[in-house]
Amino acid sequence: MSATTTTTSFRFNKNHWKDFNEQDLKVIEKERNDRGVIQQDTTKHQYGKICAACIKPNAVHVDFCTGCSFPLVPQDIQQLPDNVFLDILTGKNTSTPILFRDDNICLFNDKFGVSVHDDHIDVIPTAVYEDVTCLNASHISLLEDLFNAGVQEFKKRDLSRFGENFNVEQNVVAGYNFPVSVKHLHLHMVLPPCK
């Protein structure tokens with residue numbers, strides 16, 4: 001199975017937010033000013049900062065987009081969509097190709113990948129756990145299974161650029177976001193180099 005290419009898309013048909021011109025930044029500033037700071041009702045909805053450059057949802061407490069590093073401000077706080085990973089699992093989101101799925105695990109390319117060679121995947125459990133703080137010792141085997149599924153996906157890819165003795169397990173960067181931007185446990189796995 002070959003990897004599906006994913007790239008972060010930026011507004012104004014630019015390759016990166018650093019390519020935005022003064023007019024592009026003025027449009028973003030106007031949108032932010034028009035929107036103002038939303039008063040959050042956290043009892044009913046989840047809120048986050050939506051990046052004005054790449055449209056990635058981020059946790060409320062971050063100051064820079066976790067996808068593209070664009071500066072975030074309080075005016076970027078918006079109500080987030082429902083659990084987008086659950087939409088992938090249930091088939092409601094058909095635009096994200098599933099690379100692997102079994103009864104317990106689902107794996108797909110990260111929409112906002114940070115790997116130069118598009119080797120950034122998300123591995124999620126099919127059961128919903130909000131984040132790592134919901135887990136205990138009984139979940140260790142689940143975490144191991146998520147990691148191992150990601151390693152197996154990378155081993156299917158053309159990794160010849162790394163040389164003959166490349167060891168995925170020793171070179172992969174893997175971890176969980178906290179605070180999370182999507183309230184569904186997800187393991188990020190990335191092969192270097194990063195953007």
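Just so you know, all these numbers are worked out from the coordinates, no wet-lab data involved. Just so it is clear, the model here is predicted, and its values are computed rather than measured. Methodologically, a virtual Cβ is constructed for each residue, glycine included, from the backbone with ideal geometry; neighbour enumeration extends over all protein chains shown.
By the helix-only formula, in which each DSSP H run with n ≥ 4 contributes -39500 (n - 2.57) and the sum is divided by residues, the chain has a 222 nm mean residue ellipticity of -6000 deg cm²/dmol. Taking 28 Å as the straight-line reach from the Cα of residue 183, the lysines in range (excluding those fewer than 8 positions away in the same chain) are 44, 49, 56, 92, 111, 195. The region of the chain that goes longest without hitting one of the GluC sites (Glu not before Pro) in a DSSP loop, each with at most 14 other Cβ atoms within 10 Å, is 1-129.
For the pair residue 15 and residue 87 in one chain, pulling the backbone fully straight at 0.36 nm per residue adds 23.1 nm over the alpha carbon distance.
Taking packing as the residue-averaged number of other Cβ atoms within 10 angstrom, the listed peptides 11-19, 52-60, 177-185 run from highest to lowest as 52-60, 177-185, 11-19.
Note on the stretch 8-121: along the principal axes its Cα atoms extend 46, 39, 22 Å, ordered by decreasing extent.
Relative to the longest principal axis of the Cα atoms of the chain, the long axis of helix 22-35 makes an angle of roughly 80 degrees. At R0 = 35 Å, how high is the FRET efficiency between residue 164 and residue 194 if r is their beta carbon distance? Nearest 0.05 is fine. My answer for the efficiency is 0.95. Translational diffusion coefficient of the chain (Stokes-Einstein, Kirkwood radius from Cα pairs, 37 °C, 0.692 mPa s): 182 µm²/s.
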